[in-house]
Structure formats: structure tokens, C-alpha cells
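The values are calculated or read from the model by the stated rules, or taken from the named source; none is laboratory data. All of these numbers come straight from a predicted model, not from anything done at the bench. Neighbour counts run over all protein chains shown; Cβ positions are idealised from the backbone, glycine included. Calculation scope for accessible area: heavy atoms of the full protein, side chains included, ligands and nucleic acids excluded. Shrake-Rupley method; radii C 1.70, N 1.55, O 1.52, S 1.80 Å.
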Amino acid sequence: MTDPMTPADLFRHGLRLLLAKDIDGWVALSDERVLVEFPYAPPGYPRRLTGRAELAVYLRDYPAHIDLRDVAHLEIHETADPTTIVAEWRGTGRVVATGAPYDMTYVVVATAHHGRFTRYRDYWNPLAIPDSMAAEQTTARSAP
């Protein structure tokens, strides 16, 4: 039997799936009961997702909004807990609706057990949300 991927390997594999626009594959890297948190999420965006199904709904349209083309920087830090890593990364590409450049820096604290993410805290910068996405969120919130 093969050992499951380390949290760092799992994270790197997840980034490859995001670049390939394989959202289902990325979601499949998560445990059924995964806890996903966005501590800095602005109004209109979720701060917490519970479970793989909720995560799948949240991410299903990601490629329709963001065309992620490159991971311009990746640094993974091991922690005293071998199941938890801290990843600093920068994703670049374009905003699909406008063609504008997309450039977002992330800090993620990820915990994995048995080759699946069990907790994923994404400290993305809400001030860097492309205007077109912010406008979509405002429209979605005001829709009946």
C-alpha cells in the first residue's frame, strides 16, 4: 500500500489541478467533512464552508471568473505538526469577464489526514478582488 501524499504534496497537486481548471479534482482532495475558512472574507462572501459538497458549490464557477494561468510564487512551510503546512503563493492570470490581469497573493494554513484536506484556512486579500467580481457579488446579493 502506498503512503498518502504529505500535506505539502497534496497542496502542490491541488495547485496543478487549479491550473488545469479541474475543480472537481481539487474538491476531491478534501475530506467529506472538510472545514474551509476565509478569515478576511468581505461582506457577501462566505467566511466558512463545511463539507466537500458546500466547497464544490462554492468553487464550481471559479474558472468562469478567473483564468488562473500561473503560480508565480510558491513557498511551503512545514510546521511542528506534520499534518499542517503554511503555504504562501501567488496566482496570476486574467479576469474572464474583462480580460484584466489577475494577480492575487494567498497565505493558506492547510491540515491533511490520510491524503485529504481536513481544514483549509485561506487568508486571501479581499482588497485585491477584481472589480468585475465585486460587481457580480453585489448583483447576486441584490437579486431576489
Filter result (without any contact (Cβ under 8 Å) to a residue 40 or more places away in the chain, open to solvent by 50 Å² or more (accessible area, probe 1.4 Å) and more than 19 Å from L19 (Cα to Cα)) within the range 83-124: T98
Could you tell me which residue of the range 1-52 is least open to solvent (accessible area, probe 1.4 Å), considering only residues that are modelled with pLDDT under 95 and farther than 20 Å from I85 by Cα? A41
Here the residues within the range 1-45 that are among the charged types (D, E, K, R) and either in contact with a His (Cβ under 9 Å, 6 or more places away or on another chain) or touching a residue at least 12 places away in the same chain (Cβ under 8 Å) (or both) are R12, K21, D24, D31, E32, R33, E37
Expected output for the range 47-75 (first residue part of a loop (DSSP other than H, G, I, E, B), partner among the basic types (K, R) and exposed (fewer than 12 other Cβ atoms within 10 Å of the Cβ), Cβ below 8 Å, 6+ apart or cross-chain) is G51/R33
